[in-house]
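For reference, the structure is listed below as structure tokens.
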């Protein structure tokens, strides 16, 4: 009995990779209800928002490489939080091939809250995002 495949598949001619569509359920941001499906820019903009609002390693419904790791930023120096936040955001976006990076990253601190603004670059266009971090528990 053979343990290796003996079929006629020859990968020496090369392998063709096909990009899958980004069709997904569309969640209306006002009513927070599913309103059908969406593709393209709306789908990736929704994915960006979800990635930034899901705590990584916390929810079992998501894989361990999905979401943003917010823990460990409370009580730290604002300069450290800004640098670490930029690194963590890039890491969180690295799982989605439609997201190519971030630009125009800026932050401001007012009291105990850091507000971060950025432009997320995608293959469909850019989307502006703003997130807030509470620096003290």
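The set of residues in segment 48-64 being out of contact with any helix residue (DSSP H, G or I) (no Cβ under 9 Å at 6 or more places or on another chain) and touching a residue at least 24 places away in the same chain (Cβ under 8 Å) consists of 49 alone.
If the condition is being surrounded by 12 or more Cβ atoms within 10 Å (Cβ to Cβ), out of contact with any strand residue (DSSP E or B) (no Cβ under 6 Å at 6 or more places or on another chain) and closer than 19 Å to residue 120 by Cα, then segment 22-50 contributes 22, 39, 40, 42, 46, 47, 49, 50.
Taking (1) touching a helix residue (DSSP H, G or I) at 6+ places or on another chain (Cβ under 9 Å); (2) over 21 Å from residue 69 (Cβ atoms) in turn, residue 116 satisfies each apart from (2). Scanning segment 118-137 for residues that are under 28 Å from residue 77 (Cα atoms) and outside any strand (DSSP E or B) gives 135, 136, 137.
Taking (1) exposed (fewer than 15 other Cβ atoms within 10 Å of the Cβ); (2) in a loop (DSSP other than H, G, I, E, B); (3) at pLDDT 85 or above in turn, residue 96 satisfies each apart from (1). Only one of the listed residues (104, 91, 77) is over 14 Å from residue 52 (Cβ atoms), surrounded by fewer than 17 Cβ atoms within 10 Å (Cβ to Cβ), free of Cβ contacts under 8 Å to residues at least 60 places away in the same chain and out of contact with any strand residue (DSSP E or B) (no Cβ under 7 Å at 6 or more places or on another chain). That residue is 77.
Of all residues in segment 65-86, which are part of a helix (DSSP H, G or I) and either under 26 Å from residue 124 (Cα atoms) or in contact with a helix residue (DSSP H, G or I) (Cβ under 9 Å, 6 or more places away or on another chain) (or both)? Correct list: 85, 86.
The values are calculated or read from the model by the stated rules, or taken from the named source; none is laboratory data. Note that the coordinates shown come from a computational prediction; the quantities given were computed from them, not determined experimentally. Because the Cβ atoms are built from the backbone with ideal geometry, glycine has one as well, and the counts that use them run over all protein chains shown.
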